[in-house]
Amino acid sequence: MLETVRGPRQLIVGEGVAQNIPRLVAESGSRVLIVTDRTLLGQPAVAEIVAAVRDRVRAVEVFPDATPDVPLSDVALAVSAATAVGADVILAIGGGTVIDLAKIVGVIRRHGGTPSDYYGESKVPGPTIPLVAVPTTSGTGSELTPVSVLTDPDRALKVGVSSVHIVPDFAIVDPELTYTCPPTVTAHSGIDAFCHAVESYTARPRPHGPRDPVEQVFLGRNQVTDHYALLAAERIARSLRRAVRDGGDKDARADMSFGAMLAGIAFSHAGNAAPHALQYPIGAATHTPHGLGVGLLLPYALDAARDAVGDRLATLARVCGLDVSGASDADAADAFLTWLDEFLADIGIPATLADIGVARADLPRFAEMAGGVTRLIQNHPGPTDTASLTAILEAAWTGDRRHKRPDFDQGPVTAPPPAGA
């Protein structure tokens, strides 16, 4: 046994917990950079948090111009704002873009250099300045994770900074801050969280040496990540549709906040896999939302890996509420993938890559690029050569994921396995 669990110094989850933010920020530093976006800054709940923080600390600088996918130009501007105020603590209020931006600003504020100095795994040399992360969407799990994803104009796909040193110090997950999240953002961020759970649960398990938990970030699935991934999948499966239909459904919003948080814990160790790796070049080329892309690709990547994870797809069927009692694992896996198609359609995720403007001629190039995202693609449980990844994209372009139906019937299922199985 050789495992590790990563997370914030303190995670606080629940309705109303945002009232703790001013105190936690003031206890972490006295000169604060607040990273957010202008839409959020105009919302009363966020404006109240900002005003309360101002009352508790010596100096505050607000950077309200975070834009999607964290372009390097945003990083430079936010670092300048941090320098201007002499920031010794950062408060991030927003979605994954905002929190990822705050993470890399903290790295540069403490260690200098440019973002490219830290691309890849474990390049951050030590702790950064304290970060209090407050998500306003239920999706990326960035408030818990050791990852910051950036957009570099000199590269044709997104890049990641992955390090245990960029996990936020405090994560404040208050479902009340998600009530105003628009339906489309709710759908895209929510399916991203579902992908985190499923990709973690189906990630390739890998043997480790004693130094790996320090030198590597994503390590493959284990019993701990399985537990969190299944709990996350259950909550998101039962509540995402409701949250998209009615943003004021408090029970659904609570489920989504909790589910996204659990999925973040799962993939902080297990890692994401092919859907995320493939989305990087596709998202950069089409300028489509991250969650839309990974959600679209998920069923095709899972179908391509059925011979390796069919039993796990069967477990996901049961966890997501499907009645597959007495079904073989193969039939239960079929049921899950069919349900997933319907789930994605219900929340407005397009069915094919052609639907989002991807040119078929570009698929081999995108597959080759995704294959170079080693920290992600190594977690895919199926083949990862360029031809196999191209086949996934071909299926996703045509919408035909049923070209291969491996027969691995393992007999009737008589009872669900335990959550950590």
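The values are calculated or read from the model by the stated rules, or taken from the named source; none is laboratory data. Since this is a predicted model, take the numbers as computed values, not measurements. Here Cβ is always computed from backbone atoms with ideal geometry, including for glycine, and neighbour counts include all displayed protein chains. To get the accessible areas, we keep the full protein, side chains included, count just its heavy atoms, and leave off ligands, DNA and RNA. Shrake-Rupley method; radii C 1.70, N 1.55, O 1.52, S 1.80 Å.
If only residues of region 312-355 that are within 15 Å of L230 (Cβ to Cβ) and charged (D, E, K, R) are counted, the one that is surrounded by the fewest Cβ atoms within 10 Å (Cβ to Cβ) is R318.
Among the residues of region 171-180, is there at least one that is in contact (Cβ under 8 Å) with a residue 60 or more places away in the chain and closer than 20 Å to P275 by Cα? Scanning region 171-180, I find no residue that is in contact (Cβ under 8 Å) with a residue 60 or more places away in the chain and closer than 20 Å to P275 by Cα, so the answer is no.
Residue-wise test of (1) without any contact (Cβ under 8 Å) to a residue 12 or more places away in the chain; (2) assigned to a helix (DSSP H, G or I); (3) out of contact with any Gly (no Cβ under 7 Å at 6 or more places or on another chain); (4) within 30 Å of P205 (Cβ to Cβ).
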{"residue": "R221", "(1), (2), (3), (4)": "no, no, yes, yes"}
{"residue": "V224", "(1), (2), (3), (4)": "no, yes, yes, yes"}
{"residue": "H227", "(1), (2), (3), (4)": "no, yes, no, yes"}
{"residue": "L230", "(1), (2), (3), (4)": "no, yes, yes, yes"}
{"residue": "A233", "(1), (2), (3), (4)": "no, yes, yes, yes"}
{"residue": "R241", "(1), (2), (3), (4)": "no, yes, yes, no"}
{"residue": "A254", "(1), (2), (3), (4)": "no, yes, yes, no"}
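Which condition breaks for P168 when tested against (1) more than 18 Å from A254 (Cβ to Cβ); (2) without any contact (Cβ under 8 Å) to a residue 60 or more places away in the chain; (3) open to solvent by less than 10 Å² (accessible area, probe 1.4 Å)? The failed condition is (2).
Taking region 7-25 as the range and being open to solvent by 30 Å² or more (accessible area, probe 1.4 Å), in contact with a helix residue (DSSP H, G or I) (Cβ under 9 Å, 6 or more places away or on another chain) and either under 26 Å from V147 (Cβ atoms) or not acidic (D, E) (or both) as the test, the residues that pass are G7, Q10, L11, I12, V13, Q19, R23.
The numbered conditions (1) over 13 Å from A197 (Cβ atoms); (2) part of a helix (DSSP H, G or I); (3) open to solvent by 10 Å² or more (accessible area, probe 1.4 Å) are all true for G248 except (2).
When R54, R110 are checked against the criterion of being within 24 Å of G141 (Cβ to Cβ) and either charged (D, E, K, R) or open to solvent by 20 Å² or more (accessible area, probe 1.4 Å) (or both), R110 stands alone in meeting it. Taking first residues from region 81-101 that are in contact (Cβ under 8 Å) with a residue 24 or more places away in the chain and under 17 Å from V185 (Cα atoms) and partners that are open to solvent by 10 Å² or more (accessible area, probe 1.4 Å) and small (G, A, S), the Cβ contacts under 7 Å between residues at least 6 apart in sequence or on separate chains come to G94/A66; G95/S189; T97/A66; V98/A66. Here's a check for you: in region 356-382, which residue that is surrounded by fewer than 15 Cβ atoms within 10 Å (Cβ to Cβ) and touching a residue at least 24 places away in the same chain (Cβ under 8 Å) is nearest to the chain's Cα centre (by Cα)? So, considering only residues that are surrounded by fewer than 15 Cβ atoms within 10 Å (Cβ to Cβ) and touching a residue at least 24 places away in the same chain (Cβ under 8 Å), the one nearest to the chain's Cα centre (by Cα) is G357. Which one is nearest to I34 (Cα to Cα) among residues in region 72-86 that are open to solvent by less than 20 Å² (accessible area, probe 1.4 Å) and among the β-branched types (V, I, T)? Going through the qualifying residues, I end up with V85. The sole residue among D69, D65 that is open to solvent by 20 Å² or more (accessible area, probe 1.4 Å), at positive phi and touching a helix residue (DSSP H, G or I) at 6+ places or on another chain (Cβ under 8 Å) is D69. The one condition from (1) closer than 30 Å to A233 by Cβ; (2) buried (at least 23 other Cβ atoms within 10 Å of the Cβ); (3) touching a strand residue (DSSP E or B) at 6+ places or on another chain (Cβ under 6 Å) that V89 does not meet is (1). Tell me whether region 119-136 contains one or more residues that are more than 30 Å from R211 (Cα to Cα), touching a Cys at 6+ places or on another chain (Cβ under 8 Å) and not basic (K, R). Among the residues of region 119-136, at least one is more than 30 Å from R211 (Cα to Cα), touching a Cys at 6+ places or on another chain (Cβ under 8 Å) and not basic (K, R), which makes the answer yes.
Counting only strands (runs of 3 or more DSSP E) that sit completely within region 124-193, those holding 1 or more residues that are among the hydroxyl-bearing types (S, T, Y) and under 15 Å from the mean Cα position of the chain (by Cα) correspond to 147-150, 159-162.
Scanning region 282-301 for residues that are open to solvent by 10 Å² or more (accessible area, probe 1.4 Å) and β-branched (V, I, T) turns up T286, T288.
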